[in-house]
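Engineer: Provided herewith is a single structure, encoded as structure tokens, for subsequent inquiry.
The values are calculated or read from the model by the stated rules, or taken from the named source; none is laboratory data. Keep in mind it's a predicted model, so treat the numbers as computed, not measured. Cβ: placed from backbone, ideal geometry, glycine included. Neighbour counts: every protein chain shown. Ligands, DNA and RNA are stripped out before the accessible areas are found, and what is left, the full protein with its side chains, is counted by its heavy atoms. Shrake-Rupley method; radii C 1.70, N 1.55, O 1.52, S 1.80 Å.
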Amino acid sequence: LARIDDIVLIAKQVAEGNIGARVEVKTKDELGYLGLVFNKMIATVRNNQKYLQIAKNRVEEEQAKDEAVLESLGEGMIATDDAGNVTIINHAAEKMLVWKKEEIVGKSFVEAVPAITEEGKIIPKDMRAMSIAIATGKITTSGDIRLTRKDGGLVPVVATVTPIVLDKKTIGAVSIFRDATKEKELEQTRRDLLS
């Protein structure tokens, strides 16, 4: 019974996170065999924990690289979940839309950032490129629209929205858009010159 108590004591230590604990095996009977098997189990847990830590470090490194790539994009980028709620926004999009990441993440993109046609008409939420891409699972483009910034200003953009598909199910979308202000100014200058 004392040897069983020793194994129970070590089992409690392992349960509390001490995976360096070991059962001392002094006999070759059934309890000795139980102690050997228990030590092998602890070694397996220890090895799995090391493997998971290495994998976690790799994932964190890849995530840091991905975030650096997203931040370095010159175009605005917003990713949403399947409900259209913002999950990621890069620096260029923050700057264009005057939204901070912590203010918009979790909010519905089409509600937080209304879109307007060149004629000044509000584009209904279900007609927005983001909503269409999520609903149909197809790449959608929107040309010559104006997104409403947080401060109420408008920014002309050209956007391409690509659905995120996993196992044939749309789980979100990514919108890449660029500020078309300079293009609009050049177009207006050209019109003025022609007239």
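Engineer: State which residue is most open to solvent (accessible area, probe 1.4 Å) when the search covers only region 140-184 and only residues that are of a type in the set (Lys, Arg) and outside any strand (DSSP E or B). Write out each step before concluding.
Structural biologist: Taking region 140-184 and keeping what is of a type in the set (Lys, Arg), we get 146, 149-150, 168-169, 178, 182, 184.
Keeping just the survivors that are outside any strand (DSSP E or B) gives 149-150, 168, 182, 184.
Values: ARG149: 75, LYS150: 99, LYS168: 200, LYS182: 154, LYS184: 39 Å².
By that ranking, first place goes to LYS168.
Engineer: In region 112-134, what count of residues is obtained for those that are more than 17 Å from ALA159 (Cα to Cα) and either among the charged types (D, E, K, R) or touching a helix residue (DSSP H, G or I) at 6+ places or on another chain (Cβ under 8 Å) (or both)? First the steps, then the outcome.
Structural biologist: We begin by selecting, within region 112-134, every residue more than 17 Å from ALA159 (Cα to Cα); these are 119-121.
Okay, now just the ones that are also either among the charged types (D, E, K, R) or touching a helix residue (DSSP H, G or I) at 6+ places or on another chain (Cβ under 8 Å) (or both), so 119, 121.
Residues that pass the stated criteria total 2.
Engineer: Let me ask something else. Could you identify the single residue in ASN47, ASN39 that is without any contact (Cβ under 8 Å) to a residue 24 or more places away in the chain and either in contact with a Leu (Cβ under 6 Å, 6 or more places away or on another chain) or surrounded by 14 or more Cβ atoms within 10 Å (Cβ to Cβ) (or both)?
Structural biologist: Working: ASN47 fails: either in contact with a Leu (Cβ under 6 Å, 6 or more places away or on another chain) or surrounded by 14 or more Cβ atoms within 10 Å (Cβ to Cβ) (or both).
ASN39 is the lone residue from the list that is without any contact (Cβ under 8 Å) to a residue 24 or more places away in the chain and either in contact with a Leu (Cβ under 6 Å, 6 or more places away or on another chain) or surrounded by 14 or more Cβ atoms within 10 Å (Cβ to Cβ) (or both).
Engineer: Any idea how many residues of region 83-98 are under 17 Å from GLY152 (Cβ atoms) and open to solvent by 30 Å² or more (accessible area, probe 1.4 Å)?
Structural biologist: The number of residues fulfilling the criteria is 3.
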